[in-house]
Amino acid sequence: MLETLLPILIITALALAVIGAWRRIRLWRQGRPSAVPLFKGLAALPRRYLVDLHHVVGRDKVISNTHVATAGGFVAAAVLMILVHGLGLGSSERMGPVLGGLLLLASATMFVGSLFVAKRRRNPPARLSRGPWMRLPKSLMAFSLSVFLITLPTVGVLPQDAGSWVLALILSAVLVWGLGEMVFGMTWGGPMKHAFAGALHLAFHRRAERFSTKHGGGGRSTGLKALDLDDERAPLGVEKPADFTWNQLLGFDACVQCGRCEAVCPAFAAGQPLNPKKLIQDMVVGLAGGSDAKYAGSPHPSQGLGGKPVGEHHGGPHGPIVAREGTALVDAETLWACTTCRACVEECPMMIEHVDAIVDMRRFLTLERGETPNKAPEVLDNLIATDNPGGFAPGSRMNWAADLNLPLIADLQQVDVLLWLGDGAFDMRNQRTLRALVKVLRAAEVDFAVLGNEERDSGDVARRLGDEATFQSLAKRNIATLAKYRFQQIVTCDPHSFHVLGNEYGELGGPGAPARYDVRHHSTYIAELYDAGRLAFSPWKGGRVTYHDPCYLGRYNGEYEAPRRVLEALGIPLNEMERSGFRSRCCGGGGGAPITDIPGERRIPDMRMNDVKETGAELVAVGCPQCTAMLEGVVDKTAEVRDIAELVADAIVMPSARPRRGERCSPGSRTEEVVS
Amino acid sequence: MRPEQQGIEMAVLVSVGRHPITGRARRADQDARGLELALCLEGRLPGSRIGLLHAGPRSEESEAALRGYLGMAADAGTGLNTLTLLEQPEGSDAIPALADHLSAAMPQLVITGTRAELGEGSGLLPYALAERLGWPLVNGLAAVEKVENGVATLLQALPRGQRRRLQVRLPAIICVDAAAPAARQSAFGPARRGELEATPGAAELDHELAGWQVAPARKRPKRLKIIRAASARDRFKAAAAKAEGGSGQVLEGVSSEQGAEAIFTLLHEEGVLRS
């Protein structure tokens, strides 16, 4: 009986899956067009899955191995099952036992994997979603066990007519459950949807540069994509789910609700109304239409409520994401709580781009609705009128260095290093860092100059606040200024400027000004100077030190080594925080978050200072004006906050037998012409 | 129960502003507050219409600044995707052009800022308009409470947060200053989409202005407030205290010569006039 029933069951499940897939693809295609190479993407899929995705999943060995066993077992079992039972190859004399044996092996592996999945689900951590996900281990077992049992007669372990028809019927019922979850559910919206959407998302990812290739390279693509402001009909940001590009929608649908993003999100930890996992699920609700009532994970935090209740937000692909009045898919405060620290993106095993989506939605709120919260409109107006967020007179940008006699690039036209000051030039705390950095550069006899009053805000804050128009205006004027001069590299102590100049200006350059710069963080540059023997330090006499990785230096630009190298050169032993390196916790200062200032239960910098306290450090080394300001603002902090440049400047041993400062060492011989 | 309210026609006069630090053209702060007032009123009186009006020359810089006002209308209903530009050659008098337009369009409420940020900035324009049109004028407006049966109930801002409630028969001109609610954010999208409807305005050369010499305004010297206080409590009291006139005098029933004499003496005492 099973011989006739099995092919019917398998073919039916596959046919339904194909229909479901077609429906799901139609949902994604509601999004805006986005050109991706279809076949190249599909060809790159295995590598992206096995190398890049596994690189992220592999950070947790138990889950990684569980997934390898379960998913690998399933894929093998599914293919073999179609061959053996669906196409009837199992009854052939020669192939039957071999394929059947392999199928037994695959389903057994999957069963072992599903045992571990079940174990994880017994007391699941808060970050995991429940609901349908709780039945997944049972469904995995049902599939693997039933496939295993029905294959036993094929290889001749059991006689063909073993057991009664009752047993066969029960077995078929279990198999129907398994097939339903694993094949039908994959395209009709069950937990297994992640496999289908996830695979296609890897193939058609909006940032193909993120993935490695056989020739190495790749792996980082963090710059936001520019809006086309010249086309007046192009929408400004994302108003409704259908305004996302189709592969962004596909990406949202790939979410496995593992909650790794939730676990690392600083806004979520601070009780601000953002849970990245829920946000992605909100987008999935939007793309299919309906309400979030079925969501079974942690909600967006909400003060005093223990989380925003689910079921109150609803929407559709062509309805607004943020309502003008009342509720729609998400509340605006959820979008403004993000610090754009990219911890969620770094951690996401499905390679979902949360920050892109959030900024896309912010763009609409700012550019179309004029609803940037709190102090942000004032900051944006300042940027428009004075080219700096504080509204200071542009001519006072160099006041901090009145006594330093800094060389201006306008006078020199050509230097090795252009020192980009950033808006920290107006901030008294950051001015200390800048002065320290100047001291270091002079001690190492670097041929450098500054733009002086010609410099403008890089546009970082404007862009993260969704004001793409102001960002592009600032960027284009900065690019035009930079194009006037010749320099080999830009060095800055502001990782935000570093990121914007290095990763986001490139897209905006014109034919006369390509806007590709060699930008370095001051820690990188100091490490290079030290390695070249141009700096000497006196030994460290201070106490315990820890280092806080700025998001825009680490996760955005992959620079984890240089600051540690500099601290090592200073003879400072590091006491690393638990969250450091690519898992560093944000200081709360990015993405305009201190300006939009969405209330939470705790403050993000307080949490970060607690991390510092846990290491017992008396001093935390930082490399970013934002981090300095946020961490210094902590009340009753246990550690001193100092920039790496300050530590270096304090320890520097001035070479006596060197030419006096201010004299440049034959610039002509060392500078090469570069197109800036 | 709220009585049935009818929408009204409003005209908001807007000018090209100037940023105090960089001098870049922008939407003028007071005029933007005027538009904010109109937009709030429109929200409360459904069916109201707002007309934006500017008289002056058209240039790229002024257009960008004027679009700033259109960008505030992201939320508004009808009538605010265009700005009427009464195009005039440089150096023309805006008053006849505005008066002609307003007497033809007959809005019930004309809202303006108190003083322009550029040019003459005398603050006389609303008065000149009111005189020409024969409409009442209320200055220093803080809020429009209600408009019923052609009568508006207004709150006028007085020094130190005091308010005076006024009733005025429409049509009327009201001007706002820094006491009115701050203007909302101007959004890029609506600003870019909005249209400038240019019509030639009366080109009457401002002869008086032509004879003037224009120089950038300097900050006025501010009288130093010297606080001698021993304790924090004294300092707080001094900071919270009213500015005391003290030496002022009220002249009543005096002749114009006596009045002028008193003013002249005061100016001498203050060192404004030196002889």
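The values are calculated or read from the model by the stated rules, or taken from the named source; none is laboratory data. Just so you know, these numbers come straight off a predicted model, no measurement behind them. Cβ coordinates were reconstructed from backbone atoms using ideal geometry, including for glycine residues, and neighbour counts include every protein chain displayed.
For this structure, a couple of remarks:
- Residue within region A:15-24 that is modelled with pLDDT of 90 or more, surrounded by 15 or more Cβ atoms within 10 Å (Cβ to Cβ) and either of a type in the set (S, T, N, Q) or under 27 Å from residue A:167 (Cβ atoms) (or both) present: yes
- Residue A:564 being in contact with a Cys (Cβ under 9 Å, 6 or more places away or on another chain), crowded, with 19+ Cβ neighbours inside 10 Å and not small (Gly, Ala, Ser): no
- Pairs where the first residue, in region B:258-275, is at pLDDT 90 or above and the second is among the aliphatic types (A, V, I, L, M), C-beta under 8 Å, 6+ apart: B:258/B:251; B:259/B:251; B:262/B:251; B:262/B:254; B:264/B:273
- Residues in region A:97-146 that are over 25 Å from residue A:349 (Cβ atoms) and in contact with a Leu (Cβ under 7 Å, 6 or more places away or on another chain): A:99, A:102, A:103, A:146.
- Among residues of region A:465-481, those that are of a type outside the set (A, V, I, L, M, F, W, C) and under 16 Å from residue A:502 (Cα atoms), counted: 5
- Tally, over region A:377-386, of residues that are touching a residue at least 60 places away in the same chain (Cβ under 8 Å) and either more than 8 Å from every other protein chain (Cβ to nearest Cβ) or over 18 Å from residue A:460 (Cβ atoms) (or both): 2
- Flag if residue A:237 is within 14 Å of chain B (Cβ to nearest Cβ) and buried (at least 19 other Cβ atoms within 10 Å of the Cβ): yes
- Scanning region B:22-30 for residues that are over 19 Å from residue B:171 (Cβ atoms), hydroxyl-bearing (Ser, Thr, Tyr) and within 14 Å of chain A (Cβ to nearest Cβ) turns up at least one hit.
- Checking residue A:393 against (1) within 9 Å of chain B (Cβ to nearest Cβ); (2) in contact with a Ser or Thr (Cβ under 6 Å, 6 or more places away or on another chain), the condition it does not meet: (2)
- Subset of region A:449-460 [part of a loop (DSSP other than H, G, I, E, B) and surrounded by fewer than 24 Cβ atoms within 10 Å (Cβ to Cβ)]: A:451, A:456
Okay, residues lined up against (1) in contact with a Cys (Cβ under 7 Å, 6 or more places away or on another chain); (2) free of Cβ contacts under 8 Å to residues at least 24 places away in the same chain:
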position: B:111; (1), (2): no, no
position: B:114; (1), (2): yes, no
position: B:117; (1), (2): no, no
position: B:122; (1), (2): no, yes
position: B:128; (1), (2): no, no
position: B:136; (1), (2): no, no
position: B:139; (1), (2): yes, no
position: B:142; (1), (2): no, no
position: B:149; (1), (2): no, yes
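- One residue stands out in region B:48-85 among those that are more than 14 Å from every other protein chain (Cβ to nearest Cβ) and modelled with pLDDT under 85: the one that is surrounded by the fewest Cβ atoms within 10 Å (Cβ to Cβ), namely B:78.
- Qualifying residue in region A:329-338 (condition: assigned by TED's automatic domain parsing to the domain that holds residue A:260 and either farther than 29 Å from residue A:389 by Cα or over 24 Å from the mean Cα position of the chain (by Cα) (or both)): yes
- Any hit, region B:186-194, residues being within 23 Å of residue B:29 (Cβ to Cβ), without any contact (Cβ under 8 Å) to a residue 24 or more places away in the chain and of a type in the set (A, V, I, L, M, F, W, C): no
Residues checked against (1) part of a loop (DSSP other than H, G, I, E, B); (2) touching a Leu at 6+ places or on another chain (Cβ under 7 Å); (3) among the hydrophobic types (A, V, I, L, M, F, W, C):
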{"residue": "B:34", "(1), (2), (3)": "no, no, no"}
{"residue": "B:38", "(1), (2), (3)": "no, no, yes"}
{"residue": "B:41", "(1), (2), (3)": "no, no, yes"}
{"residue": "B:46", "(1), (2), (3)": "yes, no, no"}
{"residue": "B:50", "(1), (2), (3)": "no, yes, yes"}
{"residue": "B:53", "(1), (2), (3)": "no, yes, yes"}
{"residue": "B:62", "(1), (2), (3)": "no, no, no"}
{"residue": "B:72", "(1), (2), (3)": "no, yes, yes"}
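- Segments classed as helices (runs of 4 or more DSSP H), wholly inside region A:337-436, with at least 3 members that are surrounded by fewer than 24 Cβ atoms within 10 Å (Cβ to Cβ) and out of contact with any helix residue (DSSP H, G or I) (no Cβ under 8 Å at 6 or more places or on another chain): A:376-386
- Boolean, residue A:590 is modelled with pLDDT under 95, under 19 Å from residue A:427 (Cβ atoms) and not aromatic (Phe, Trp, Tyr): yes
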